[in-house]
Amino acid sequence: MGRAMTPAAWRARFRAGEQRQTAALCPGFAQANMAFIPAEAADEFEAFLRANPAACPLLARGRPGDPTLPQLGDFDLRHDLPLYRLFRDGQPCDRVPDIAGDWRADLVPFAIGCSLTFEADLVAVGVALRCHAPGVSCSAFDTAIPNRPAGRFGGNLVVSMRAIRADQAALADAVTRAHPQAHGAPVHLGDPQAIGVDLSRPIDGLGLTDIGLGEVAMFWACGVTMERAITSARLPFAITHAPGHMLITDLPAGEMP
């Protein structure tokens, strides 16, 4: 059922209150990480995104107080994600299904590419993904790799991990390398500890974390990196999507800017 539904149909369900992770929904359409940043910090935040394009490929920036991004589709960003995360003084403080009551006239929307976009292409060429199914997601982890700072924004890189058959690792690398606006090629393959990853501590406890026989851990830069930047900046207020609960855009994956 999920594969037959359009992005607009899924967004309507989210607007009506359904909460679910967006992995494996609407293959062929771009999904996006979202951040809503006060206007006084928006230029600095954009500078951070551009300084860290693997983790934070910028798809679109909106206008203060405008909950639309027409270049990505016809939606209202206050309602059309399945779950949001609120930040106060740089710390996550709540998860809410709708941000109409938290919306402010100075909030600037930022849409950032997401690796869930390229998973359909991996599956299409035969790469086995145990994390690609409705209700199942790849896992994300903090690393010891510092981001390139911009103004008050910094923090460390966050990565997503997928367990890939070792004989398909080169193919997975080649396919994802062709998607720079969805994080592109992996940043690391193999030993998680080499980049400071603890597989027992996935962010928010989400996703698969085991590496099976004949599999290798592959790590891609992840948009949750922007949460670490918000924390490092200690912004008084900000909003993001909740990890794994992306904006499903109307933009075909092959037409990403």
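Worth pointing out:
- Subset of segment 141-166 [of a type in the set (Gly, Ala, Ser), part of a strand (DSSP E or B) and within 12 Å of ALA217 (Cα to Cα)]: SER160, ALA163
- Given (1) surrounded by fewer than 21 Cβ atoms within 10 Å (Cβ to Cβ); (2) at pLDDT below 95; (3) over 13 Å from the mean Cα position of the chain (by Cα), index of the condition VAL175 fails: (2)
- Selection within segment 82-105 - in a strand (DSSP E or B) and free of Cβ contacts under 8 Å to residues at least 24 places away in the same chain: CYS93, ASP94, VAL96
- Residue satisfying condition, being out of contact with any helix residue (DSSP H, G or I) (no Cβ under 9 Å at 6 or more places or on another chain), surrounded by fewer than 20 Cβ atoms within 10 Å (Cβ to Cβ) and of a type in the set (Asp, Glu), within set ASP98, ASP102: ASP102
- The single condition among (1) surrounded by fewer than 17 Cβ atoms within 10 Å (Cβ to Cβ); (2) under 26 Å from LEU235 (Cβ atoms); (3) among the polar types (S, T, N, Q) that SER115 does not satisfy is (1).
- Of ILE239, ILE230, ILE211, all but one fail to be in a loop (DSSP other than H, G, I, E, B), in contact (Cβ under 8 Å) with a residue 24 or more places away in the chain and over 19 Å from CYS26 (Cβ atoms); the exception is ILE211.
- Residues in segment 13-61 that are of a type in the set (A, V, I, L, M), surrounded by fewer than 18 Cβ atoms within 10 Å (Cβ to Cβ), in contact (Cβ under 8 Å) with a residue 24 or more places away in the chain and over 25 Å from ALA178 (Cα atoms): ALA39 alone.
- Taken as a whole, the structure leaves LEU107 outside the set of residues that are within 18 Å of the chain's Cα centre (by Cα), modelled with pLDDT of 95 or more and surrounded by 15 or more Cβ atoms within 10 Å (Cβ to Cβ).
- Residue within segment 8-21 that is of a type outside the set (Val, Ile, Thr) and within 27 Å of GLY151 (Cβ to Cβ) present: no
- Cβ-Cβ under 9 Å pairs, at least 6 apart or on other chains, segment 142-163 side outside the structural domain of ASP204 (by TED's automatic domain parsing), far side surrounded by fewer than 17 Cβ atoms within 10 Å (Cβ to Cβ) and outside any strand (DSSP E or B): none
- ALA217, sole failed condition from (1) within 20 Å of the chain's Cα centre (by Cα); (2) part of a helix (DSSP H, G or I); (3) more than 13 Å from ALA55 (Cα to Cα): (2)
The values are calculated or read from the model by the stated rules, or taken from the named source; none is laboratory data. Model, not experiment: these values are computed from the prediction. Cβ atoms come from the backbone with ideal geometry, glycine included; neighbour counts cover every protein chain shown.
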